[in-house]
1. Counting only residues that are closer than 29 Å to ASP177 by Cα and either of a type in the set (Lys, Arg) or modelled with pLDDT of 95 or more (or both), give me the helices (runs of 4 or more DSSP H) lying completely in the stretch 1-55 with at least 2 of them.
2. Report yes if LYS80 is under 16 Å from ILE251 (Cα atoms), of a type in the set (Lys, Arg) and either out of contact with any strand residue (DSSP E or B) (no Cβ under 9 Å at 6 or more places or on another chain) or touching a residue at least 60 places away in the same chain (Cβ under 8 Å) (or both), otherwise no.
3. Show me the helices (runs of 4 or more DSSP H) entirely contained within the stretch 191-241 in which 1 or more residues are at pLDDT 90 or above and either over 19 Å from SER168 (Cα atoms) or within 24 Å of the chain's Cα centre (by Cα) (or both).
4. I want to confirm something. Restricting to the stretch 102-156 and keeping residues that are under 24 Å from PHE178 (Cα atoms) and among the hydroxyl-bearing types (Ser, Thr, Tyr), which single residue is nearest to the chain's Cα centre (by Cα)?
5. Filter the stretch 64-119 down to residues that are part of a loop (DSSP other than H, G, I, E, B) and under 17 Å from TRP32 (Cα atoms), then give me how many there are.
6. Would you mind telling me which numbered condition in (1) outside any loop (DSSP other than H, G, I, E, B); (2) over 26 Å from GLN65 (Cβ atoms); (3) in contact (Cβ under 8 Å) with a residue 24 or more places away in the chain; (4) among the hydrophobic types (A, V, I, L, M, F, W, C) VAL156 fails?
7. Name the residue, out of ARG186, ARG176, that is in contact with a His (Cβ under 9 Å, 6 or more places away or on another chain), modelled with pLDDT of 90 or more and under 25 Å from ASP42 (Cβ atoms).
8. Examine the stretch 171-194 for a residue that is among the β-branched types (Val, Ile, Thr), touching a residue at least 40 places away in the same chain (Cβ under 8 Å) and surrounded by 15 or more Cβ atoms within 10 Å (Cβ to Cβ), and state whether such a residue exists.
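The values are calculated or read from the model by the stated rules, or taken from the named source; none is laboratory data. These numbers were taken from a predicted model, which means no experiment stands behind them. As a convention, Cβ positions derive from the backbone with ideal geometry for all residues, glycine included, and neighbour counts pool all protein chains shown.
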Amino acid sequence: MMQIKLLTVVLGLMLFGCIRPVYAFDHSYSDWGNVLKTYTEDGYVDYGALQKSPKVLDTYLENIQKLEPGEYEKWSKDEKVSFWINAYNAFTVQTIIGHYPKKSIKQISNVWGEKRFAALGKKWSLNQIEHEILRKEFSEPRVHFALVCASLGCPVLRNEPYTAVALSSQLDSQVRDFLSDTSKARYDEKSDTLFLSPIFRWYGEDFEKGGGIIKFILTRGKHYLPPDMEGKITVKMKIKWLGYDWSLNDIRFPSKQ
C-alpha cells in the first residue's frame, strides 16, 4: 500500500512539473546523422529537399534545447567540442533552409551576429559559438576545418556527425581533405610559394599558438600533406592567399548539374 501511495505522489509531481523525467543526450547524434546522410553529397547540401522535410533536423535541434547546463558541464572536452561543431553546422543549415533559395549565406542579414539559436538555456549567435566557445575555451585549430558556413570556400560538410570517440581522427581527416583541395591549398614549385585559403589568415592567431601555419602543417604532415607537397614545404617559404568562394554549397550549384 505504501509503495502504491509513493508511486501516486511521484506521478503527480511529474504531472505538475515538479520532477523532470530523465533526459539522456544522444552522443551519437543519430538525428543529425540522418540529415547528413539523406541530404548531403560530397559536401553539397540539398537545401531544397530539406526545406520541404525538416522534421528530423527539427527533432535534433529540439534535443539540443533540452540539454541542461549541469549535464553539459560533466562532459569531456571532446564531447563538448563535438557538440558545438555539430550544433554550429546544424544551425547554419537551419538558417539556410529558413531563407532558401539564396545564392550565398552573405545575403542573409546579420547571419553570424544574431542570437537566434537555443542551447543550454540561452540564445547564441554563430559568432559566439565559434569565437567565444570553440576558439576561446578549447584552443583547437582543427575546428576551422570542421565548421561549415554553407559556402564553397568552406571545408566540406561531412556526411556523418562529429562524435567524441572519433573526434581527433575526424578532424585530421578534415584538414587532410582541405589541403588536398587545390582551390584551398596548392604549392607552386616554380615560385616556391604555398597558396592557401584565407581561413589560415583569418584565424592566424590560433595557428600561431602552435608555432604558426607552416609548423601546423608540417608537424601534422603525416596526416595532412597531399603527395605533391610532401618534402617541399619549409618554414620560411612564401605564403600567398587564395580567394574565397561564398557561393552556397547547394547540391543544385551549376557545377553539380
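1. Working: elements: 2-15, 30-39, 47-52.
Where helices (runs of 4 or more DSSP H) fall fully within the stretch 1-55 and carry at least 2 residues being closer than 29 Å to ASP177 by Cα and either of a type in the set (Lys, Arg) or modelled with pLDDT of 95 or more (or both), they are 30-39, 47-52.
2. Numbers: under 16 Å from ILE251 (Cα atoms): no; of a type in the set (Lys, Arg): yes; either out of contact with any strand residue (DSSP E or B) (no Cβ under 9 Å at 6 or more places or on another chain) or touching a residue at least 60 places away in the same chain (Cβ under 8 Å) (or both): yes.
Here the answer is no, as LYS80 does not meet what is asked.
3. On the way: elements: 199-202, 204-208, 213-219, 221-224.
Because the criterion is at least 1 residues that are at pLDDT 90 or above and either over 19 Å from SER168 (Cα atoms) or within 24 Å of the chain's Cα centre (by Cα) (or both), the helices (runs of 4 or more DSSP H) in the stretch 191-241 that meet it are 199-202, 204-208, 213-219.
4. SER151
5. Keep residues of the stretch 64-119 that are part of a loop (DSSP other than H, G, I, E, B), which gives 67-68, 73-76, 100-103, 108-116.
Next cut, under 17 Å from TRP32 (Cα atoms) only: 67.
Residues meeting the conditions: 1.
6. Of the numbered conditions (1) outside any loop (DSSP other than H, G, I, E, B); (2) over 26 Å from GLN65 (Cβ atoms); (3) in contact (Cβ under 8 Å) with a residue 24 or more places away in the chain; (4) among the hydrophobic types (A, V, I, L, M, F, W, C), the odd one out for VAL156 is (1).
7. Values: ARG186 fails: in contact with a His (Cβ under 9 Å, 6 or more places away or on another chain).
Result: ARG176 is the single residue among ARG186, ARG176 that is in contact with a His (Cβ under 9 Å, 6 or more places away or on another chain), modelled with pLDDT of 90 or more and under 25 Å from ASP42 (Cβ atoms).
8. Taking the stretch 171-194 as the starting set, the residues that turn out to be among the β-branched types (Val, Ile, Thr) are 175, 182, 193.
Now restrict to residues that are touching a residue at least 40 places away in the same chain (Cβ under 8 Å): 175, 193.
Filter once more, keeping what is surrounded by 15 or more Cβ atoms within 10 Å (Cβ to Cβ): 175.
Yes, the stretch 171-194 contains at least one residue that is among the β-branched types (Val, Ile, Thr), touching a residue at least 40 places away in the same chain (Cβ under 8 Å) and surrounded by 15 or more Cβ atoms within 10 Å (Cβ to Cβ).
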